Amino acid sequence: MTTVAELLVESLADHGVTQVWGVVGDALNPVTDAIRREERLEWMGVRHEEVAAFAAGAQAQLTGRLGVCMGTVGPGAIHLLNGLYDAKKSGAPVLAICGQVPRGDMGSDFFQEVDNDTLFADVSVFCETVTSTEQLPGLIERAGNAALQHRGVAVLTLPGDVGELDLPSGTPVPRLVARPALATPDPDALAEAATALESASAVTLLVGAGARHARAEVLRLAERLSAPMVLSLKAKEGLEEDNPYEVGQSGLLGNHASEVAFSGCDVLVLLGTDFPYTGFLPEGKTVVQVDLDGARIGRRIPVQHAVVGDARLAVEGLLARLSAKPDRSHLESARSSYDAWRERQQRLTDPDHDRRPRGLLRRRVDNPDALIRPELLAAAVDRHAASDAVFTTDTGMATTWLARFVRMSGTRRLLGSYNLGSMANAMPQALGAQGLDRARQVVAFCGDGGLSMLMGDLITAVSHDLPVKLVVFDNGRLGMVKLEMEQAGLPEFGTVLHNPDFAAVARAVGLHGVRVTDPHDVDEAVREALAHPGPVLLDVVTNPDEVAVPPTPTVAQGWGFALAKTKEFVAAPE
């Protein structure tokens, strides 16, 4: 006989799931026991269920298959929520298996009972509770297929007395439909968009993750239109390297070249992106938007020409209708600005920058104690990391430094909480990525605030032999919040972190821990950390007052920063 739990586990293994992340307990004991007996699956026990959800979401994004996490009755299921919201907003197919009190106790306010169907209603594309064997295998198929086809979260709840129920002989193993169908754009919409592009004097592309699979076609489009290409952060992967048209990012982590590209065009093409920061988008332009989901078109900026469909098919359709634009002045202007900005940024990666003539003034303004500049650390990681490394970044300044100094060369991959913007995601996502391939290098750019929030799961890296490389930007601050306050003219408050020696903490739980305080030691420390065979935490004490200038700094931002610094000086203890 086959039980409910055994059927569920077999269907996941057949789909290609290799690991299930979670914390064991009561209602889900039959499931974890079935995992123990399934040779194709590995149980990945964590210290906090939020880590399980982030890890599962990371695996789903990297593979396209279901990521699977588990949380048992009440608090265990609740702890999954933040990681599941990240999966939802990242378009990651994740199955959350949640426990519930026994069927006879449901609705009685039993110990630890919560209403899972209500709790997960907003985060999920599918949410059901199994109450009888007759519902299987249909519920398993519906849950898995909903997550895969809608690229979202499915929640399947098992009451405590359901997982071990026997199924009728011959019950088929559920089969999941792995790939969604490609949406073919409407030819008339393509024709109208092509007409607008043909008549344009200057075109700029804003390209997002939805076009990463169409790299060759997107580069041909940029060449055909002589168009500079602004990349969203998630489009760095796959579209940044060997791209003579890209001019970096926009938004707070971007550079002035994106503003040159936006302001100088008369037609803007949004290609596979839902870039949310409307304050950085240009006004008064003719806009063409290509997106697989028609609901996203026009919700950030007015759109005159909408093309709903797969990005590769859409670009192929446009290329067939477009002639070449020989005038490259717009492209060259944006690229010149980008090259000059990158050269200025590279100066900050010199360990002796603050001692050189160009660096003395800036040191007095933002680094009087000659601490390690985060740019130096990020550039060293880029230099020594493998060409197929997987990078994860915590939300905040760690993401800024990666965006500016790490190139997605080779087959590098990139993950972060770029839509939800959660803290504490980098380390859990790195654990998930490393679980897929323990031989592949995985590097997490961790903020000190993010790392300390879920620091207990450093133990998971050791207990499951996951050789992640955790690079901690240890500036003793919630850095992005500090910057937000100061740009608004407020003195920083509540952002100071009284950190331990993170390297010592790491060594205490079994990782290789290294602490760096001298700029001249950074390069060798990074090289050695990345070459170490096991899990490593590299704790680098960085400058908390480093300023990341946005693409177009305003007078108000500059005045706010000066005012904030004055208030901080006046309020400082003697």
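The values are calculated or read from the model by the stated rules, or taken from the named source; none is laboratory data. Keep in mind the model is a prediction, meaning the values are calculated, not measured. Neighbour counts are summed over all protein chains in view; Cβ atoms, including those assigned to glycine, are modelled from backbone coordinates with ideal geometry.
Within the set Thr286, Thr273, the sole residue that is in contact (Cβ under 8 Å) with a residue 24 or more places away in the chain, within 24 Å of Leu190 (Cβ to Cβ), assigned by TED's automatic domain parsing to the domain that holds Arg335 and surrounded by fewer than 21 Cβ atoms within 10 Å (Cβ to Cβ) turns out to be Thr286.
Just checking, which of Trp21, Trp43 is surrounded by fewer than 24 Cβ atoms within 10 Å (Cβ to Cβ), hydrophobic (A, V, I, L, M, F, W, C) and in a strand (DSSP E or B)?
The conditions single out Trp43.
Taking the criterion of being surrounded by fewer than 21 Cβ atoms within 10 Å (Cβ to Cβ) and closer than 30 Å to Lys482 by Cα, the residues of segment 438-454 that qualify are Ser452, Met453.
Being touching a helix residue (DSSP H, G or I) at 6+ places or on another chain (Cβ under 9 Å) and outside the structural domain of Leu436 (by TED's automatic domain parsing) narrows it down to one of Asp105, Asp109, Asp122, Asp115, so name that one.
None of the other options fit; the residue is Asp122.
Restricting Leu483, Leu490, Leu478, Leu451 to residues that are under 29 Å from Val547 (Cα atoms), in contact with a Phe, Trp or Tyr (Cβ under 8 Å, 6 or more places away or on another chain) and aliphatic (A, V, I, L, M) narrows the list to Leu451.
Suppose we filter segment 122-141 for residues that are of a type in the set (D, E, K, R) and over 14 Å from Pro172 (Cβ atoms); how many remain?
Step one: of segment 122-141, the residues of a type in the set (D, E, K, R) are 122, 128, 134, 141.
Checking which are over 14 Å from Pro172 (Cβ atoms) leaves us with 122, 128.
Here the count works out to 2.
Here the condition is being of a type outside the set (S, T, N, Q), outside any helix (DSSP H, G or I) and surrounded by 21 or more Cβ atoms within 10 Å (Cβ to Cβ); of Val31, Val73, it holds for Val73 alone.
Val173 falls short on exactly one of the conditions (1) in contact with a Ser or Thr (Cβ under 6 Å, 6 or more places away or on another chain); (2) not in a loop (DSSP other than H, G, I, E, B), and that condition is (2).
Examine segment 364-384 for a residue that is touching a strand residue (DSSP E or B) at 6+ places or on another chain (Cβ under 8 Å), farther than 17 Å from Val541 by Cα and at pLDDT 95 or above, and state whether such a residue exists. Checked against the condition, which is being touching a strand residue (DSSP E or B) at 6+ places or on another chain (Cβ under 8 Å), farther than 17 Å from Val541 by Cα and at pLDDT 95 or above, segment 364-384 yields no hits at all. Checking Leu360, Leu376, Leu331, Leu414 one by one, the residue that is buried (at least 19 other Cβ atoms within 10 Å of the Cβ), assigned by TED's automatic domain parsing to the domain that holds Asn475 and in a helix (DSSP H, G or I) is Leu376 and no other.
This table checks each residue for (1) over 20 Å from Asp161 (Cβ atoms); (2) under 27 Å from the mean Cα position of the chain (by Cα); (3) not β-branched (Val, Ile, Thr).
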| site | (1), (2), (3) |
| --- | --- |
| Gly107 | no, no, yes |
| Phe111 | no, no, yes |
| Phe126 | yes, yes, yes |
| Val130 | no, no, no |
| Leu136 | no, no, yes |
| Ile140 | no, no, no |
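Helices (runs of 4 or more DSSP H) fully within segment 474-549 that include at least 3 residues being over 23 Å from His353 (Cα atoms) and modelled with pLDDT of 90 or more: 502-509, 522-531. Among the residues of segment 406-462 satisfying the criterion of being touching a helix residue (DSSP H, G or I) at 6+ places or on another chain (Cβ under 8 Å) and of a type in the set (Val, Ile, Thr), which is nearest to Ala209 (Cα to Cα)? Checked segment 406-462; the qualifying residue nearest to Ala209 (Cα to Cα) is Val406.
Among the residues of segment 417-437, those that are surrounded by fewer than 23 Cβ atoms within 10 Å (Cβ to Cβ) and either assigned by TED's automatic domain parsing to the domain that holds Glu237 or in a loop (DSSP other than H, G, I, E, B) (or both) comprise Tyr418, Asn419, Leu420, Gly421, Ser422, Met423, Asp437. Of all the listed residues (Gly67, Gly76, Gly107), the sole one being modelled with pLDDT under 95 and farther than 17 Å from Ala424 by Cβ is Gly107.
Looking at segment 328-363, which of its residues are at pLDDT 90 or above, of a type in the set (Lys, Arg) and closer than 26 Å to His384 by Cβ?
Scanning segment 328-363 gives Arg342, Arg344, Arg347.
Is it true that Glu192 is touching a His at 6+ places or on another chain (Cβ under 7 Å), charged (D, E, K, R) and surrounded by fewer than 24 Cβ atoms within 10 Å (Cβ to Cβ)?
yes
Residues considered: Asp188, Asp161. Of these, the only one that is under 30 Å from Val31 (Cβ atoms) and modelled with pLDDT of 95 or more is Asp161.
Reported count of residues in segment 388-397, each being in contact with a Lys or Arg (Cβ under 7 Å, 6 or more places away or on another chain) and not hydrophobic (A, V, I, L, M, F, W, C), is 1. Filtering segment 160-177 to residues that are surrounded by fewer than 21 Cβ atoms within 10 Å (Cβ to Cβ) and touching a residue at least 60 places away in the same chain (Cβ under 8 Å) leaves Glu164, Leu165, Asp166, Leu167, Ser169, Thr171, Val173, Arg175. Pairing residues of segment 232-246 that are in a loop (DSSP other than H, G, I, E, B) and surrounded by fewer than 23 Cβ atoms within 10 Å (Cβ to Cβ) with residues that are at pLDDT 95 or above and of a type in the set (A, V, I, L, M), at Cβ distances under 7 Å and at least 6 apart in sequence or on separate chains, gives Glu240/Leu231; Glu240/Met408; Glu241/Met408; Asn243/Leu219; Asn243/Met229. No other residue among Ala403, Ala398 is under 20 Å from Asn255 (Cβ atoms) and touching a Leu at 6+ places or on another chain (Cβ under 9 Å) apart from Ala403.
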